[in-house]
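Below: the structure, in structure tokens.
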Amino acid sequence: MAATEEARTLALVAAQAAADKKATDVVVLDVSGQLVITDCFVIASASNERLVGAIVDNVEEKMRAAGHKPVRREGAREGRWVLLDYVDVVVHIQHADERSFYELERLWKDCPRVDFVDATGGRGADPDEDRQ
């Protein structure tokens, strides 16, 4: 079962909001075939805690403008890994060290990626990149 079009669109809004604030390795995964609780994960990295916070703030602002508020927000105080739960989309903004350690893409490697092209000229993480 594939993610709904609404979930994919919302995930791309979150991904672009993260990229707009200099998030790196932005990835959108369609996890709907593996999970019943959500359709898409957005995963993005930041080099420091302050940048994690700035990215989270921008994602929340853009999602609010699209008519969505997170039902759950975790990790903001520590600033190492912030999770924003929008029900159909779960956004993970991770400090680069946390991302390397937990390797969410590897955990969900069987899930298809949703193509994300950064409107500011970049591109999401390379789907062929091996994160081992």
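Tabulated results
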quantity: Segment Asn48-Ala96, length gained on full extension (0.36 nm per residue, minus Cα span); calculated: 16.5 nm
quantity: Burial order of peptide ranges 32-41, 65-74 (average beta-carbon count within 10 Å, highest first); calculated: 32-41, 65-74
quantity: Within the range 1-115: Cβ-based charge dipole about Cα centre, in debye rounded to nearest 20 (Lys, Arg +1; Asp, Glu -1); calculated: 260
quantity: Candidate lysines for bridging to Lys69, where Cα separation is under 24 Å - those fewer than 8 sequence places away on the same chain excluded; calculated: Lys21, Lys22
quantity: Two-site label geometry, Ala76 and Ile37: point separation in nm, points 7 Å out along Cα→Cβ; calculated: 2.0
quantity: Reported label for calculated semi-axes √(5λ) of the Cα gyration tensor in Å given (i) 29, 22, 15; (ii) 58, 23, 12; (iii) 19, 17, 15; calculated: (iii)
quantity: Theoretical gain in end-to-end length, Glu103 to Val117 [0.36 nm per residue, Cα-Cα removed]; calculated: 2.9 nm
quantity: The chain - mean residue ellipticity at 222 nm from DSSP helices (-39,500 (n - 2.57) per run, n ≥ 4, rounded to 500); calculated: -10000 deg cm²/dmol
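Any read-out appearing in this document is the output of simple, stated calculations on the displayed coordinates, not a laboratory observation. Since this is a predicted model, take the numbers as computed values, not measurements. With ideal geometry, Cβ positions are generated from the backbone for all residues, glycine too; neighbour counts draw on all protein chains shown.
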